[in-house]
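Working notes, beginning with the structure itself.
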Amino acid sequence: MAKTISIATRSTRKHNTVSWRDYYEMTKPNVVMLLLLTALVGMCLATPNWVNATTLICGLAGIGMLSASAAVINHVVDHKIDSMMARTFNRPVAKGKVSVNNALWFAFALGVVGFAVLALFVNMLTAWLTLASLVGYAFIYTMYLKRATPQNIVIGGLAGAAPPLLGWTAVTGEVHAHALLLVLIIFTWTPPHFWALAIHREKDYAKAKVPMLPVTHGVSFTKTSVLLYTVLLGLICLMPYLIGMSDLIYLVGSSLLNLGFLAYAIKLKYAADSQTAMKTFRFSIIHLMVLFVVLLLDHYVPISL
């Protein structure tokens, strides 16, 4: 009997052992990598030349660390909600694998180092703007907006849309209208991206009492909102070409991507099956990633009519 208890205890301890992977998971690496891609494009579009190596490396490192810090804080603030939802119940803090205190210290360390890197090796404007984005996502959105209004992702999406601007200011030290246009593209992309996921996980959000749009206004209304925002996104994505910021490669590439997103949004609204919402969500990630790659390619290989 004692031997059985001893084996069970060792098994439990082994199961609860914290590994570096738990801390890595809390940083939401896939999300941070997408943010860094958009920041990189912002850097490159800010100059006709190659980006200075120090600015490139330190800028991406600082933006990445502050973004990761915001993600860890999100894990802490949402750990009770996460524990109720099938998609998130196994997250390190929600599961109890990483304590709240340890997660907060980890977030603090990432934030301090990230801010210091930007302040010392890039510029103060980028450091403060990146910190403001952290506050916007980790505190204003996660702590308040997410629980207060079904428009949470619309308002809070501004923080997640900032990386192209951060990349731009890292290179130039100033805010430019072209950088703000890149922010506007991501800002408009965020609602249809996230609402598609919210439709798929509507029961989870209802169980956790999070007032996401499908919970408060119904799935049908949310599908209409996804479709309308996708149309708006397509129009806004034309603007870089119309104002002379980009050329033919971007026009063709963005048009094809937006038509693809629109096709998913139309199917979601009028002919959805059980997997359409999740497929729309996944395509939206591909859409944004490829859109910014196309912007980068167009910048270095300009082709005009």
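No lab work stands behind these numbers, since they all come straight from the coordinates. Source: prediction; values computed, not measured. In this analysis, Cβ positions are derived from the backbone assuming ideal geometry, glycine residues included, and neighbour counts consider all displayed protein chains.
What is the packing order of peptides 240-248, 270-278, taking the mean over residues of other C-beta atoms within 10 Å and listing the highest first? Before the final figure, lay out each step's value.
Numbers: 240-248: 15.3, 270-278: 13.2.
Top of the packing list down: 240-248, 270-278.
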Practice task
Order the peptides 41-48, 25-32, 191-198 from the highest to the lowest mean number of other Cβ atoms within 10 Å of their residues.
Solution key: 191-198, 41-48, 25-32
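Report the equivalent ellipsoid semi-axes for the chain in whole Å, largest first, defined as the square roots of five times the eigenvalues of the gyration tensor built from alpha carbon atoms. Can you show the working numbers first?
Details: eigenvalues 237, 145, 52 Å².
After diagonalising the Cα gyration tensor, the semi-axes are 34, 27, 16 Å.
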Completion exercise
Contour minus Cα-Cα span, residue 217 to residue 300, at 0.36 nm per residue, comes to 25.4 nm
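If you take the beta carbon distance between residue 236 and residue 116 as r and set R0 to 35 Å, what does 1/(1 + (r/R0)^6) give as a FRET efficiency, to the nearest 0.05? Please list the in-between numbers first.
On the way: r = 35 Å, r/R0 = 1.01.
Result of the calculation: an efficiency of 0.50.
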Practice task
Could you list 128, 189, 20 in order of exposure, starting from the residue whose Cβ has the fewest other Cβ atoms within 10 Å?
Solution key: 20, 128, 189
Exercise for the section: Would you kindly state how much longer the chain becomes between residue 285 and residue 54 on full extension, computed as 0.36 nm times their sequence separation minus their alpha carbon distance, in nm to one decimal? Expected result: 80.3 nm
Practice task
At q = 0.09, 0.18, 0.20 Å⁻¹, work out log10 I(q)/I(0) for the stretch 84-217 with the Debye formula, treating every Cα as an identical point scatterer and leaving solvent out; two decimals please.
Solution key: -0.34, -1.11, -1.20
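Report the full-extension gain for the segment residue 33 to residue 293: residue separation times 0.36 nm, less the Cα-Cα distance, to one decimal in nm.
On the way: separation 260, 0.36 × 260 = 93.60 nm, distance 1.31 nm.
Result: 92.3 nm gained on full extension.
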Handout entry: residue 207-residue 155 pseudo-label distance in nm [points 7 Å out on the Cα-to-Cβ vector]
Key = 2.8
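Students often get this wrong, so check it: of 97/203; 223/267; 28/267; 203/223; 95/146, which have C-alpha atoms separated by over 19 Å? Walk me through the numbers before you get to the answer.
Numbers: 97/203 26 Å; 223/267 10 Å; 28/267 29 Å; 203/223 16 Å; 95/146 21 Å.
Violating the 19 Å Cα-Cα cut-off are 97/203; 28/267; 95/146.
Please order 37, 232 by the number of other Cβ within 10 Å, starting at the fewest.
Working: 37 19, 232 14.
In order of increasing Cβ crowding within 10 Å: 232, 37.
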Exercise for the section: Identify, among 134, 40, 240, the residue whose Cα sits farthest towards the positive end of the charge dipole of the chain, taking +1 on the Cβ of Lys and Arg and -1 on the Cβ of Asp and Glu, with the dipole about the Cα centre. Expected result: 134
Practice task
Using Cα centres only, tell me the gap between the stretch 109-137 and the stretch 24-52 in whole Å.
Solution key: 14
Handout entry: Per-residue Cβ neighbour rank within 10 angstrom, fewest leading, 217, 178, 75
Key = 217, 178, 75
